[in-house]
Amino acid sequence: MRDWRVVLAGLALALLCGGSGWAAYEDNPAAPCLACHETVTPGIVHQWEQSKHSKVNIKCYICHKAKEGDPSGYEHNGFYITAVPSPKYCESCHPAEVEQNARSKHAWGAFLGPLKPYYKAARDKGLDPMSQETAAKLDPERMAKTTVSPLFPDSSILKKIGLLDNADYNHNNVNLGCMECHGSFIRVGKNGQLDGWPNAGVGRINPDGSLGSCTYCHPRHTFSVAEARKPETCGQCHLGPDHPQHEIYEESKHGNIYAASGEEWNWDVPPGQWGPRDIVAPTCATCHMSGFGGAVETTHDVGDRLYWELQPKKSVPQWKGPEEVDFVLERIPDEKKAAAGRQKMKTVCYQCHSRQWADNYFDEFDQVVSDYNMLWDYTDGLLQQAYEEGLISKDLPLDETPEIMHYLVWHHDGRRWRMGASMMGPDWTHWNGAVDAIMNKLGTMINDIEMRRRLKELED
Amino acid sequence: MRDWRVVLAGLALALLCGGSGWAAYEDNPAAPCLACHETVTPGIVHQWEQSKHSKVNIKCYICHKAKEGDPSGYEHNGFYITAVPSPKYCESCHPAEVEQNARSKHAWGAFLGPLKPYYKAARDKGLDPMSQETAAKLDPERMAKTTVSPLFPDSSILKKIGLLDNADYNHNNVNLGCMECHGSFIRVGKNGQLDGWPNAGVGRINPDGSLGSCTYCHPRHTFSVAEARKPETCGQCHLGPDHPQHEIYEESKHGNIYAASGEEWNWDVPPGQWGPRDIVAPTCATCHMSGFGGAVETTHDVGDRLYWELQPKKSVPQWKGPEEVDFVLERIPDEKKAAAGRQKMKTVCYQCHSRQWADNYFDEFDQVVSDYNMLWDYTDGLLQQAYEEGLISKDLPLDETPEIMHYLVWHHDGRRWRMGASMMGPDWTHWNGAVDAIMNKLGTMINDIEMRRRLKELED
Amino acid sequence: MRDWRVVLAGLALALLCGGSGWAAYEDNPAAPCLACHETVTPGIVHQWEQSKHSKVNIKCYICHKAKEGDPSGYEHNGFYITAVPSPKYCESCHPAEVEQNARSKHAWGAFLGPLKPYYKAARDKGLDPMSQETAAKLDPERMAKTTVSPLFPDSSILKKIGLLDNADYNHNNVNLGCMECHGSFIRVGKNGQLDGWPNAGVGRINPDGSLGSCTYCHPRHTFSVAEARKPETCGQCHLGPDHPQHEIYEESKHGNIYAASGEEWNWDVPPGQWGPRDIVAPTCATCHMSGFGGAVETTHDVGDRLYWELQPKKSVPQWKGPEEVDFVLERIPDEKKAAAGRQKMKTVCYQCHSRQWADNYFDEFDQVVSDYNMLWDYTDGLLQQAYEEGLISKDLPLDETPEIMHYLVWHHDGRRWRMGASMMGPDWTHWNGAVDAIMNKLGTMINDIEMRRRLKELED
């Protein structure tokens, strides 16, 4: 369903790139690449041929020619290339998108997650956490694999049974679990040999010191905007027990309509113009990123239209971003920014829903967030009481049943409860959210503590 | 894939509506609506343009002009409209569908579920449960949010820890969980202000006293029959831990074939004619509602072709319907009705399967239902025994581990077990059904009771 | 998206079949079949009309004419037919596929699973496990339904509470659960009456003594190669708590790309030629079975490209196949065969990924398998210790909490952990895999054992 807007956008892209990447194209030796790679890796050649890049003459070497100073550069049959084009490489043609993404939680996903222990250690020592040298000194991967912390919820039991400190145990679900989404620290060895790779996590620390990976949502080598607009792309990470946004969307009326008729919508409309006349229901990208026909500003800062932080133990308005504070270490709610974010989101809602409809819904959602926060206070207090009564020990943070239930009330069920409510997924709000948190996890915690209390009384 | 049948049906619809809605169209001020709404809510204008309604001149005011006596009517820029067109509004053009739906469990979904405490209270007092006045007196939403009952399985623990009676606790997963599917009671304030809204649950109590919401399965404003025929539409509610019909369908061979080739089928064929020449495998609507090429009568009473009630603690043949008894309060199995229902279902099966094939399958299914019923008897007896031994208390119905397991054996695993078998989803019959019920939940119940017994003996 | 390759393949098929099935067509009374079945079972007639079979004149009686000596043959309106065409029937036109499948774990799926007790008993007695006579003597279905074994994980509790030995209890989740995927033993009564049917499980024991069911992946009566190439077809069995390959694929980038753009790919290309120019990302069939444009040999032996056995309690290299040993009873790892399998798989990867990329990924995966194996050793040791301390009893293998957790660490979570890593599904590697195994199941096991130890000390 291509239309004139697609053609115009192609022209615009060609003009935009004229200043930078386009110049580089003049000495673009595409033919030699294809000559081998049509045989060696025909899949990626075929993908690229289908891409808009191929239509506007963005060939291999424009993106893969290693920039000066990029440690990942190496000689490859007479060309100096990198296997890891970072956002800095995409920036020449897509500057606004790269800039927006750089201040998003996406780009900081590794440091906000599994590489937080490393980030903190680097900052404590006054070192640059993005540099290859710091990584060589502190070994971020090893730090993630051996730290006892709820960040790695299997680490307490692994410590208890001796595997965390066993040199033969790789704890490699950290690599193929956590870091596949959050991103790894890619370190460079000799001749382009890469450590912590393959990895395309959204918060990847690239050899050139930049953060993030554009290819995570625009998969190589088609780099299709249509793909990035489809919910399955977001669902690669936003799914599962602790943040099932994809499943919530699938359950919502929005997701039903997408599943039932999405294949007939216009997916290739240029950014900013893609709007209510092209689709019948929104996808993730519509509400959180797209301009929706000009109603709002397009953004690649995925948290830009949100009020609540829904992932922490207790929900607060959106934190100040990395352009204001070191938000890996300092989490400062910013009520004003959050309110502005919600206003943008509502503007998207209003394109299809009445003001009363949308405003009422957000009120209902806020009530759910408040409920969760109250339940969390109770749960947290109960854990402290169990410590004080000596029913459980603080030795390891996550090895005794009450500790594990306390964790799950927050990290799994409590997120589903809030996130389900945010996007109209009733089963996630109720069964997999509130009921799982309250009846199953808090219920188990209460019963377990009572049992421990009776045992202790008998023993005393 | 439109064909002559679609064209004919359009003409027929136009003629049918000539008697009622069509007359209203003569003074239909569509243009003024669009003049604003093309800018204010472009999404819904675009949806309507794509609808069959727009093709046969069913414009905004035909459906949104408030009927006399509808409390939700209000002045809106010179027009007297409602934001909540109920089934009574759809009835002028779709009388059979509305009548069939009105006696289905769908239409009574709120009263059979979260609004049952209110319904019972109203009936006890001799009040009309559908009226705005009764709702003003009894406050159905508040009643749902503060009643301790297995209907709200988090209510026991919430009561125990003091949140259920805490005025600051909203218990709002009742609204954004239960009622999003079951439906809310929509109460009307001043100037069209609505309480309990937005809500489009199948059993919604509308301001005009009618039950249900056509838009739940025919989402506004395309109201597409194709969408309603796709399994994702049913899957908006029929999914999750307690009735995963959508997941079961996805696992079944029927669902596999739909996923692999459904995009090539004929989805727009008129009701009654849609049949085995249009599709390669059935969807939910095919077996439960459609005429399947004339093999059976089309119906909007979704239970019409069923033998078993699969959701209660113990399975029985289908209950007598609301046209015979007050089935919210009186649940009377009707063996004859159930047998007739199964015969209709088998007739659908026979369009693609041999009689031996289909009959054998139903025999296998009945054996599974019988198994579950026997297991439930045991589980229920075990709970009563634990009460009698004084191992647990009857104070709250759902706060101690054996009570919670007993509930899950029925409400979650036991439904999956039976429903999985009804629709050829082996993982749901076995792993998420029988094995979860027997090994995991009953197993936990047995182990927990044994632990309590040993503790009690030590304490005594 | 048909192309010349499809046309050529049709011609080739017609020529291939000229030797056997084609001859049979000469006396093929298709018209009489359709005359009735267009009315009696219009669905299957429509399906066949859409099939490639109908295009090359493979009509009903070619496949349904009972072979001499097939016990399932019976008179049907003057024709001698079978309702269960087995792989022996498909073999005339598809000999290589049938031969490859016959030595796969697919074909042996019933004997490797729920019918293992029967298979062992037959072999112990020197009887042919595939024969109708042996089945009449030993009753494989009854054996599966009454054996206490972790193969039937609900059997221990059912034994404990008296239902396993209760003649009224059908234990029929064995039929509609286990055997729907693994396959049943189809026994023949009078006049073509079939017992253990309907069933189309991959490892079905057919009346003619052959193993397997081609229609499971090529659903009748379209028998479409396109359908078999789509992941949902594999997902009919490869899903759920104990081997969620379909869910893992859906989460992987491969699955994302398929979901976002698969509807535009070429699905009808003939076997062997279907390759990287037809699709943008691989499906299950691409990596495990297809020739991928000639890069490797096409195969219907689904384990042919694998290194690890990921389903056993402890992972080992692929077992020797049934062409070498009786692999139902003897499971002999074959390092050489496994290494050759991996090399084939890597060859597929290399069509789109660099050697460094793919080789590194397999190294990461191997580390995960090693981790799981170490964790399993610990878990298994812990169970033995609990037996030795007298904290639990060996009476029934799967009725006490530590036994159930021990089982789940292996059979559910431990498989997800390994399988998630094998196919780039981070949530399955981490949350539903390692974390569920270590924090939730092993954690519960440790806590439960500690509680039992304290109770026992008080009692002693």
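Points worth noting:
- Remark: region A:195-202, residue by residue, has Karplus-estimated 3J(HN,Hα) of 10, x, 9, x, 7, 9, x, 4 Hz, where x stands for each Gly or Pro and the curve is 6.51 cos²θ - 1.76 cosθ + 1.60 at θ = phi - 60°.
- Of A:LYS88/A:LYS344; B:LYS88/B:LYS120; A:LYS314/B:LYS394; C:LYS88/C:LYS344, pairs whose Cα-Cα distance is over 30 Å: A:LYS314/B:LYS394
- Burial ordering of C:ASP139, B:ASP413, B:ASP128, fewest other beta-carbon atoms within 10 Å first: B:ASP128, C:ASP139, B:ASP413
- Exam field: C:SER370 pseudo-label spacings to other copies (7 Å along Cα-Cβ), nanometres: 5.5, 5.5
- Cα gyration tensor shape for chain C, rounded if a/c is under 1.5, else prolate or oblate: oblate
- Under a 5 Å amide H cut-off, with hydrogens placed 1.01 Å from N, B:GLU309 pairs with B:VAL316, B:GLN318 among residues at least 5 apart or on other chains.
- Approximate spin-label separation A:VAL56-C:SER54, in nm, with each point projected 7 Å along Cα-to-Cβ: 4.6 nm
- A point 7 Å from Cα along Cα→Cβ stands in for C:ARG355, and the other copies hold the same point at 6.6, 6.6 nm, listed in rising order.
- For C:ASN166 and C:GLU133, a Förster radius of 30 Å and the Cβ-Cβ distance give a FRET efficiency of 0.55, rounded to the nearest 0.05.
- Site pair B:THR347 and C:TRP357 shows an inter-label distance of 5.7 nm when each label is modelled 7 Å from Cα along Cα→Cβ.
- Computed per residue of chain A from DSSP H runs no shorter than four, each worth -39500 (n - 2.57), the mean residue ellipticity at 222 nm is -12500 deg cm²/dmol.
- Spatially, region B:375-452 and region B:217-248 are offset by 29 Å when compared through their Cα centroids.
- Pair C:GLU323, B:ALA340: separation of 7 Å Cα→Cβ label points (nm): 6.0 nm
- Rounded to the nearest Hz, the phi-derived 3J(HN,Hα) couplings of region B:450-456 under the Karplus curve 6.51 cos²θ - 1.76 cosθ + 1.60 (θ = phi - 60°) are 4, 5, 5, 5, 5, 4, 4, where x marks glycine and proline.
- For B:GLU227, neighbours were defined as the other residues whose beta-carbon sits under 13 Å from its Cβ, and their charges (Lys and Arg +1, Asp and Glu -1) total +1.
- Distant-in-sequence amide H partners of B:GLY183 (H built 1.01 Å from N, under 5 Å): B:GLY201, B:VAL202, B:GLY203
- For the protein assembly as shown, DSSP calls about 90 percent of its internal beta bridges antiparallel.
- Each copy carries B:CYS36; placing its label point 7 Å along the C-beta direction from Cα gives inter-copy distances of 6.6, 6.6 nm, listed from smallest up.
- Where trypsin sites (Lys or Arg not before Pro) fall in DSSP loop in region A:68-127, at most 16 other Cβ within 10 Å: A:LYS125
- Along region B:253-266 the Karplus relation, 6.51 cos²θ - 1.76 cosθ + 1.60 evaluated at θ = phi - 60°, assigns HN-Hα couplings of 4, 3, x, 4, 5, 4, 5, 7, 9, x, 5, 9, 7, 8 Hz to successive residues, with x for each Gly and Pro.
- Among A:VAL316, B:VAL202, the order by Cβ neighbours within 10 angstrom, fewest to most, reads A:VAL316, B:VAL202.
- Environment charge at A:ASN373 (Cβ cut-off 12 Å; Lys +1, Arg +1, Asp -1, Glu -1): -3
- With neighbours defined as other Cβ atoms within 10 Å of a residue's Cβ, the residues B:TYR89, A:TYR407 order from fewest to most as A:TYR407, B:TYR89.
- Tensor-based shape of region C:37-92 (alpha-carbon gyration tensor, a/c under 1.5 rounded, otherwise prolate or oblate): oblate
- Net +/- balance of residues flanking B:LEU127 in space, Cβ distance below 9 Å, scoring K and R +1, D and E -1: 0
- Alpha-carbon Debye profile of the protein assembly as shown, log10 I(q)/I(0) at 0.04 Å⁻¹: -0.24
- Taking amide hydrogens as placed 1.01 Å from N in the peptide plane, the amide H of A:LEU194 sits under 5 Å from those of A:GLY189, each at least 5 positions away in sequence or on another chain.
- Chain lengthening between A:GLU330 and A:LYS125 when straightened (0.36 nm per residue, less Cα-Cα): 72.1 nm
- In the structure shown, the pairs B:LYS456/C:LYS160; A:LYS67/A:LYS190; A:LYS456/B:LYS441; B:LYS313/C:LYS116; B:LYS160/C:LYS160; A:LYS52/C:LYS52 are assessed against 25 Å; a Cα-Cα span above that value is assigned to A:LYS456/B:LYS441; B:LYS313/C:LYS116; B:LYS160/C:LYS160; A:LYS52/C:LYS52.
- Averaging 1/r over every pair of different alpha carbons in region A:231-383 and inverting the result gives a Kirkwood radius of 17.0 Å.
- Computed over region B:179-310, the ratio Rg/Rh where both radii use C-alpha atoms and Rh is Kirkwood: 1.02
- Residues in region C:52-66 reached by a label modelled at C:ALA31 [backbone nitrogen below 18 Å; 7 Å Cα→Cβ]: C:57-62
- Kirkwood Rh and Cα Rg combined as Rg/Rh, region B:305-460: 1.08
Rule-based calculations on the coordinates, nothing more; no lab input. Nothing here was measured: the structure is a model prediction, and the numbers come from that model. Backbone-built Cβ (ideal geometry, glycine too); neighbour counts: all protein chains shown.
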